[in-house]
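Here is the structure we will look at, set down as structure tokens.
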Amino acid sequence: MSGGWNTIESDAGVFTDLLTNLGVKGVQFEELLSLEPDALAQLHPVYGVIFLFKYPTNEPYRGTDKPLDGTFDYDASERLFFAHQTIQNACGTQALLSVLLNKANPSVSQEGDAGYIDIGDKLRDFRDFTIALPAEIRGEALSNSELIRDTHNSFARSSPFIDETQRRPDEEEGDAFHFIAYSPIGGTLYELDGLQPAPISHGACTQEDFPQKVMDVLQRRIARYDASEIRFNLLAMIRDLRIRAREFADEELLASEERKREAWRFENALRRHNFVGFAGEILKGVVSAKLAAGGSAYDDWVNQGKKNMEKRAAEQRARKGGEGEDVEMQG
């Protein structure tokens with residue numbers, strides 16, 4: 001059961017607006033198109049990264065004695081905000097919070113951290129309430145938070161056809177994807193994955209080391225997949241680039257960032273609506289116009305539509321025989 005949590009896209013605009021709607025200040029996400037450390041280092045300061053990958057369904061995923069890479073740090077569960085994932089479809093927001101809530105207390109900021117984030121009063125209250133709880137109870141508290149769930153669901157695609165909360169247990173599903181977080185905390189690179197029993201330590205890591213070390217970890221992880229698997233996505237949680245633009249009086253960067261946010265707001269507004277009714281009214285109007293034209297106008301229009309559909313289907317079959325289709329990644 002998803003418990004009312006819907007899937008959201010791995011998209012910088014979605015995650016940035018999600019942070020803003022939760023009351024977080026001065027933070028944004030950027031999508032990384034390369035695993036080169038320099039691509040991440042240029043975004044300094046970086047609080048952490050969110051990695052989306054295909055969930056392996058044909059082999060055990062959860063570690064027992066040790067993970068495939070790194071080591072379990074059970075003691076860190078008591079020092080860090082780490083929550084077990086107790087519900088489906090929430091892993092994107094949970095990964096986001098795994099970075100965010102470990103950068104929210106200036107009194108415990110240590111060398112190697114990226115700095116303090118103002119997470120706002122509501123998330124601070126949630127963190128203060130849950131930080132003393134064991135990881136499994138934190139997961140339950142997160143899944144039951146109306147604030148976090150409603151904000152998360154406000155970025156789900158609106159669909160009149162699919163209700164993720166009503167999927168039958170025996171229904172076949174497509175590929176599954178999962179979000180996890182990596183962040184330098186207290187001088188250590190941690191992998192924070194709610195499906196694992198504890199945070200995974202990847203060794204000592206300062207803020208300056210983070211781009212190189214996290215990319216090394218990600219490259220080893222990706223190398224375990226078949227070479228044909230390319231469905232990965234990487235988002236970096238960074239300081240709002242508009243702050244940098246104002247500090248350096250870079251009007252061009254500031255204008256570019258403002259345009260980007262305007263585009264994000266427009267795209268996120270579209271995600272909240274479906275246009276089936278609108279499309280239906282347009283189709284009815286076109287049909288009425290064709291019928292009013294008389295003669296063979298309507299039949300010619302229908303036949304041309306069939307030909308176009310057959311042509312697209314043939315092109316799609318040809319692509320499947322070659323490189324395959326693009327897949328929209330959600331988690």
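Miscellaneous remarks
- Pairs where the first residue, in the range 133-145, is more than 15 Å from Ala95 (Cα to Cα) and the second is among the aromatic types (Phe, Trp, Tyr) and part of a helix (DSSP H, G or I), C-beta under 7 Å, 6+ apart: Ser145/Phe126
- Tally of residues being surrounded by 14 or more Cβ atoms within 10 Å (Cβ to Cβ), more than 15 Å from the chain's Cα centre (by Cα) and not in a helix (DSSP H, G or I) across the range 28-44: 3
- Spans of helices (runs of 4 or more DSSP H) in the range 227-331 with at least 2 residues modelled with pLDDT under 90 and open to solvent by 100 Å² or more (accessible area, probe 1.4 Å): 251-271, 276-293, 297-320
- Test: residue in the range 203-211 that is open to solvent by 10 Å² or more (accessible area, probe 1.4 Å), hydroxyl-bearing (Ser, Thr, Tyr) and over 22 Å from the mean Cα position of the chain (by Cα): yes
- When we screen Ala181, Ala198 for residues that are open to solvent by less than 10 Å² (accessible area, probe 1.4 Å) and part of a loop (DSSP other than H, G, I, E, B), the only hit is Ala198.
The values are calculated or read from the model by the stated rules, or taken from the named source; none is laboratory data. From a predicted model like this one, the values you see are computed outputs, not experimental measurements. Note that we place each Cβ from the backbone using ideal geometry, even for glycine, and neighbour counts take in every protein chain shown. When the accessible area is computed, the model is the full protein with side chains, heavy atoms only, and any ligands, DNA or RNA have been set aside. Shrake-Rupley method; radii C 1.70, N 1.55, O 1.52, S 1.80 Å.
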